[in-house]
Amino acid sequence: SAAMRLAALLAALRPVLPLVLGLSLGCSLSLLRASWSQSGGEDPCLGAAGRPGALAGGARLEAADGRPGPGHEDFRPRIVPYYRDPNKPYKKVLRTRYIQTELGFHERLFVAVLTSKATLNTLAVAVNKTVAHHFPRLLYFTGLRSAKVPHGMVLVAHGDERPIWLMYETMHYIHQHFGSDYDWFYIMQDDTYAQAEQVKALVTHLSINQDVYLGRAEEFIGGDEQARYCHGGFGYLISRSLLLKLHPHLDSCRNEILSVRPDEWLGRCIIDFLGITCVSQLQGQHYHTYELAKNTEPEKEEEEEFQAALAVHPVSDTTLMYRLHKRFSRIQLDRAYQEIQDLQMQIRNLTSLTPAGEAGLTWPVGINAPFLPKSRFEVISWDYFTEQHLFSCPDGSPKCELSGASKADVSEIIESALEQLNSRYQPLLRFSKRQLLNGYRRFDPTRGMEYTLDLLLEAVTQKGHSHVLAKRVSLVRPLSKVEIIPMPYVTEATRVQLVLPLTVQDLDFVANFLDMFAMNTLDTHDNALLTLLFIYHPYDAQRVSQVDVFAGVKAMVGELEKRYAEVKIPWISVKTEVPSQVKLMDIVSKKHPVDTLFFLASVWTEINMEFLNRCRMNTISNWQVFFPVHFQEFNPALVYRGEQTASSSTDFLRDGHFDRHSFAEACFYNSDYMTARTKLAADILDRDEVLESMEVFDVFLHYSGLHLFRAVEPGLVQKYALRSCNPRLSEELYHRCVLSNLEGLASRSHLAMALFEQEQANST
């Protein structure tokens, strides 16, 4: 019947019914929104300030409908389309170095400091030491440069000390070199102290789609009552859009406007040609300034106007500049501490409303709760220390002297504990340290370094009575703001030169190494080369004309060169009883250019493109060397005991461990090795026997100022093999080799299971 057919139809459409309803509702809402956006009418909120040509408060709107005008389209990210012509051969697309360049993003703030030859080595240096490390880019502009430019300062000299000429050339230089890279330009003098963090915070609250001329507004002498210029002594802020519009008129301003002061000249130029006057307040943000009187004592200034100032002027000498910096740093620190206390109070008040209640309140308030281990293997151990010794040493010894950074850390934490106790109990009690009885510390990755101190204290009352008591205090040094360390730019296009030392004991594993090298580098046309280093024992070297122990390897190399006609795999023959890694590297280093990127490999290494790219990215010439920790597979006879082995896929790590005792693999540039090796040679003179107890890692660690990047490398997997440890090497190297073999057998659970099965077999 019709009812049954309708019911069957509804049953068939029921699964797609939500989709149909959703599409219908979405289309209806989009049509409704389109009708609203197309409706005409002017914005009644825009007045005369939005009309071009009128004097505006440092900024103008460009379109009557409230949208950014054509001149501001570059403030939006732009996607560069990629089009491939099918008639032309494929060519690799060259991408920009940074994604923000491709999307058209700009840096936020550029700072220009106007100085002179007379004050370059005094006030300009003081400015550089107080604020330069806070600003992302800072340049100094002068007419004439002195014979010696202070270290760490980027100086631009225009060749003329006339103030107006200096301002004109500075604005022209900023537009030419940085006009397309920055959104804001802050111009100050070297006799100005600026609170760098406050200036940076100011520009983050201002809109970049307006013409901004912000500073301390001053009246022109005998000029228009409404027109204002920004006083140069207190610094002023100019937006990128204003700079772009001002640049075509700079030549006219230089020829037509007469002025003694460069800040007045610039202000008159902006007003006459752009109709924009200086303002001290814009978009709810105030540009606070403070004028210093003679013989001012910054430490005694308590006025609210002084504490709120972004810029202070005039600063007559360098000592006053440093005193101002110290005073404002203390003000900012006190504000930060007060803000922390307010936030902690708010957290305490809100804790009672949470599901956990007051029991969920952790100490210190606002810091992450301590890490809760889920098993005994995750328990973070405490390190015991006294004022003289540490009982958890890096080299594994039970006791070592407290020195260096650890000693400074302990001294600072004891001093902080006494300071907190005195601030809490004074003036009733005053504490002084007699002795540190016990000290414990541990690093909690979720919150920071934790300390527990047992202190023997002497407490003195207001009446002078003293008493000795023992107190336990707990302290936390929380993890602070994560900071990105700038690193030199590197690419993945660098050629990698693999160096493979081979001994007679390695012959059984060479075939697998060459197969992996051919499959992952030669077949994929990776930019990598291979050099073999044949290490002959003196006995084998004497018989090489009759029996060459490496003849099979040389035959395999010949087959590879026939298969890949464009590939050449050279080899170097060395005769030695003690294959010192440093001596072998000396031979290889002399046969390659200084800019060669070496990857020192072992015969058990499985080469792959993923690791080679990380080798390129983690190794930076004259900056950083890379020593990866490879993943060592366990002995399959102990791990699987006749069962099916794990998959050979490299998408996950198989049963094994990261071998921290091995330093055989390394990535470094030849120039860095040669520099460190020269320092080593000057230190050991002619004592070549010292080289037998060293590895390449030791050379970089002790004789170079480079960063040593030591990290686990999941892309470097080695199959299990029992390494042959040469007893002629140093005791430390031989001991590390033995430990590597022992720990590479199996995990504790696998070893326990093997022992259990053996005992079961023996008992039966």
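The values are calculated or read from the model by the stated rules, or taken from the named source; none is laboratory data. Predicted model, so just to flag it, every value in this text is computed and none were measured. Ideal geometry is used to build each Cβ from the backbone, glycine not excepted, and the neighbour counts take in all protein chains shown. We work out accessible area using only protein heavy atoms, side chains counted, and drop any ligands, DNA or RNA first. Shrake-Rupley method; radii C 1.70, N 1.55, O 1.52, S 1.80 Å.
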request  = Any chance you could count how many residues in the range 153-165 are open to solvent by 60 Å² or more (accessible area, probe 1.4 Å) and not in a helix (DSSP H, G or I)?
outcome  = 3
ask   = Does the range 470-484 hold any residues that are without any contact (Cβ under 8 Å) to a residue 40 or more places away in the chain and of a type in the set (Lys, Arg), and which are they?
value = Arg472, Lys481
key: Residue count, the range 137-152 (criterion: hydrophobic (A, V, I, L, M, F, W, C) and open to solvent by less than 40 Å² (accessible area, probe 1.4 Å))   = 3
ask   = How many of the residues making up the range 679-738 are farther than 18 Å from His630 by Cα, touching an Asp or Glu at 6+ places or on another chain (Cβ under 8 Å), at pLDDT below 90 and of a type in the set (A, V, I, L, M, F, W, C)?
value = 1
task = Scan the range 573-619 for residues that are charged (D, E, K, R), open to solvent by 50 Å² or more (accessible area, probe 1.4 Å) and more than 27 Å from the chain's Cα centre (by Cα) and jot them down.
result = Lys575, Glu577, Lys583, Lys590, Lys591
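In the set Arg748, Arg728, which member is of a type in the set (Lys, Arg) and closer than 25 Å to Leu638 by Cβ? Give the steps one after another, and end with the answer.
Values: Arg728 fails: closer than 25 Å to Leu638 by Cβ.
Sole residue among the options that is of a type in the set (Lys, Arg) and closer than 25 Å to Leu638 by Cβ: Arg748.
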remark   = Log entry, pairs with first residue in the range 400-420 being farther than 18 Å from Glu458 by Cα and in the same structural domain as Leu456 (by the TED database), second being open to solvent by 90 Å² or more (accessible area, probe 1.4 Å) and at pLDDT below 90, beta carbons closer than 9 Å, six or more apart or on different chains, reads Cys400/Pro394
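With the condition kept exactly as written, say whether any residue in the range 263-276 is part of a loop (DSSP other than H, G, I, E, B) and either in contact (Cβ under 8 Å) with a residue 12 or more places away in the chain or of a type in the set (Phe, Trp, Tyr) (or both). First the steps, then the outcome.
Restricting attention to the range 263-276, the residues satisfying the condition of being part of a loop (DSSP other than H, G, I, E, B) are 275.
After this cut, where a residue has to be either in contact (Cβ under 8 Å) with a residue 12 or more places away in the chain or of a type in the set (Phe, Trp, Tyr) (or both) as well, the list is 275.
Yes, the range 263-276 has at least one match.
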task = Return only the number of the condition from (1) closer than 28 Å to Ile620 by Cα; (2) not assigned by the TED database to the domain that holds Asn520 that Val696 does not satisfy.
result = (2)
Residue selected from the range 460-494 under the condition touching a Ser or Thr at 6+ places or on another chain (Cβ under 7 Å) and open to solvent by less than 40 Å² (accessible area, probe 1.4 Å), by the criterion farthest from Ser580 (Cα to Cα) = Val460
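Those residues that are in contact with a helix residue (DSSP H, G or I) (Cβ under 9 Å, 6 or more places away or on another chain) and in a loop (DSSP other than H, G, I, E, B), I need them from the range 182-208; list them, please.
First, pick out the residues of the range 182-208 that are in contact with a helix residue (DSSP H, G or I) (Cβ under 9 Å, 6 or more places away or on another chain): 182-199, 208.
Selection gives Asp190, Asp191, Thr192, Gln195, Ile208.
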remark   = Only one of (1) more than 22 Å from Glu291 (Cα to Cα); (2) outside any loop (DSSP other than H, G, I, E, B) does not apply to Asp211, and that is (2)
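Quick grid of which residues meet (1) at pLDDT below 90; (2) assigned to a strand (DSSP E or B); (3) over 38 Å from the mean Cα position of the chain (by Cα); (4) not small (Gly, Ala, Ser):
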{"residue": "Val473", "(1), (2), (3), (4)": "no, yes, no, yes"}
{"residue": "Thr491", "(1), (2), (3), (4)": "yes, no, no, yes"}
{"residue": "Val499", "(1), (2), (3), (4)": "no, yes, no, yes"}
{"residue": "Asp506", "(1), (2), (3), (4)": "yes, no, yes, yes"}
{"residue": "Ala511", "(1), (2), (3), (4)": "no, no, yes, no"}
task = Filter the range 289-314 down to the residues that are among the hydrophobic types (A, V, I, L, M, F, W, C) and not in a helix (DSSP H, G or I), then identify the one that is most open to solvent (accessible area, probe 1.4 Å).
result = Ala293
inquiry  = Within the range 262-288, take every residue that is under 19 Å from Ala311 (Cα atoms) and of a type in the set (Ser, Thr, Tyr) and give me the one that is surrounded by the fewest Cβ atoms within 10 Å (Cβ to Cβ).
reply    = Ser280
ask   = Which condition number does Arg723 fail, the rest of (1) assigned to a strand (DSSP E or B); (2) over 28 Å from Thr596 (Cα atoms); (3) basic (Lys, Arg) being met?
value = (1)
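From the residues in the range 543-553 that are part of a loop (DSSP other than H, G, I, E, B) and of a type outside the set (Val, Ile, Thr), which one is modelled with the lowest pLDDT? Full working, then the answer.
Quick first cut of the range 543-553, residues part of a loop (DSSP other than H, G, I, E, B) only: 543-550.
Then keep just the ones that are of a type outside the set (Val, Ile, Thr); that gives 543, 545-546, 548, 550.
On the way: Arg543: 85, Ser545: 81, Gln546: 85, Asp548: 88, Phe550: 90.
Only one residue tops the list, namely Ser545.
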request  = Tell me which of these Tyr229 doesn't satisfy, since it passes every other one: (1) within 41 Å of the chain's Cα centre (by Cα); (2) of a type in the set (Phe, Trp, Tyr); (3) part of a helix (DSSP H, G or I).
outcome  = (3)
ask   = Hey, any hits in the range 332-345 for a residue that's closer than 27 Å to Leu206 by Cα, touching a strand residue (DSSP E or B) at 6+ places or on another chain (Cβ under 6 Å), open to solvent by less than 80 Å² (accessible area, probe 1.4 Å) and of a type in the set (A, V, I, L, M, F, W, C)?
value = no
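To keep it simple, each residue is scored yes or no on (1) charged (D, E, K, R); (2) farther than 17 Å from Pro478 by Cα; (3) open to solvent by 70 Å² or more (accessible area, probe 1.4 Å).
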site: Lys407; (1), (2), (3): yes, yes, yes
site: Ser423; (1), (2), (3): no, yes, yes
site: Pro427; (1), (2), (3): no, yes, yes
site: Ser432; (1), (2), (3): no, yes, no
site: Tyr440; (1), (2), (3): no, no, no
site: Arg447; (1), (2), (3): yes, no, no
site: Glu450; (1), (2), (3): yes, no, no
Any helices (runs of 4 or more DSSP H) falling wholly within the range 554-641 and containing at least 2 residues that are at pLDDT 90 or above and under 26 Å from Glu731 (Cβ atoms) = 581-590
query = Considering Gln497, Gln505, which residue is open to solvent by 40 Å² or more (accessible area, probe 1.4 Å), touching a Ser or Thr at 6+ places or on another chain (Cβ under 6 Å) and of a type outside the set (Phe, Trp, Tyr)?
reply = Gln505
